[in-house]
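A short worksheet on the structure shown next.
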Amino acid sequence: RVRIHMEPEKNGETAASYIWNSGEKSNEQNCVLLCKLVGIFSKCLPSMPRTYISRLVFDRGHRSVIIRRKNGRVVAGITYRPFHDRRFAEIAFCAVAQTLQVSGFGTRLMNWTKYYAREMDQIEYFLTYADNAAVGYFAKQGCTKHQSMA
């Protein structure tokens with residue numbers, strides 16, 4: 001069972017959202033938020049080409065979970081591609097604004113991602129390839145280094 005630290009969300013300081021590019025005209029707000037998310041990923045992952053980040057974040061097969069401040073500023077996000085038939089998703093990008101790292105936002109982001117992935121996409125497992133700097137974060141979130149799927 002996923003426990004989500006809700007206090008900042010309850011008092012309106014931050015909000016978590018599940019978003020994607022549906023390709024529809026009514027999707028404009030999501031596209032604005034996805035642009036902001038590309039900015040976070042680009043800053044936190046400087047060796048990753050911005051065009052590649054944009055291509056995946058805006059790909060209609062990918063989903064994103066963001067945390068934003070009440071002023072609309074996106075401060076953290078995860079983008080993943082669900083593989084519904086196998087009930088798993090591949091995490092493509094995960095980042096928290098550098099000024100907010102080590103303040104609990106990463107844990108809250110992962111908790112919200114687990115919640116939305118389960119509720120919206122029926123995902124049970126995540127797969128990701130992490131650099132050495134991120135291995136500790138994922139381990140803290142309950143991930144293991146090696147896993148097999150039968």
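Each value in this text was obtained by applying a stated rule to the coordinates, not by laboratory testing. From a predicted model like this one, the values you see are computed outputs, not experimental measurements. Positions of Cβ are backbone-derived with ideal geometry, glycine not excepted, and every protein chain shown enters the neighbour counts.
In a fully extended conformation the segment linking Glu124 and Asn71 would gain 15.8 nm over its present Cα-Cα distance, using 0.36 nm per residue. Near Ala97, the amide H atoms lying under 5 Å from its own belong to Ala76; only residues 5 or more places off or on other chains count, and H is placed 1.01 Å from N. The base-10 log of I(q)/I(0) for segment 44-115, evaluated at q = 0.23, 0.28 Å⁻¹, reads -1.13, -1.36 [Debye formula, identical scatterers on Cα atoms, solvent excluded]. How much net charge surrounds Ile19 when only other residues with a Cβ under 11 Å from its Cβ are counted (Lys, Arg +1; Asp, Glu -1)? Here the count lands on +3.
Among residues other than Ile78 whose Cβ falls under 12 Å from its Cβ, what is the net charge (Lys/Arg +1, Asp/Glu -1)?
+3
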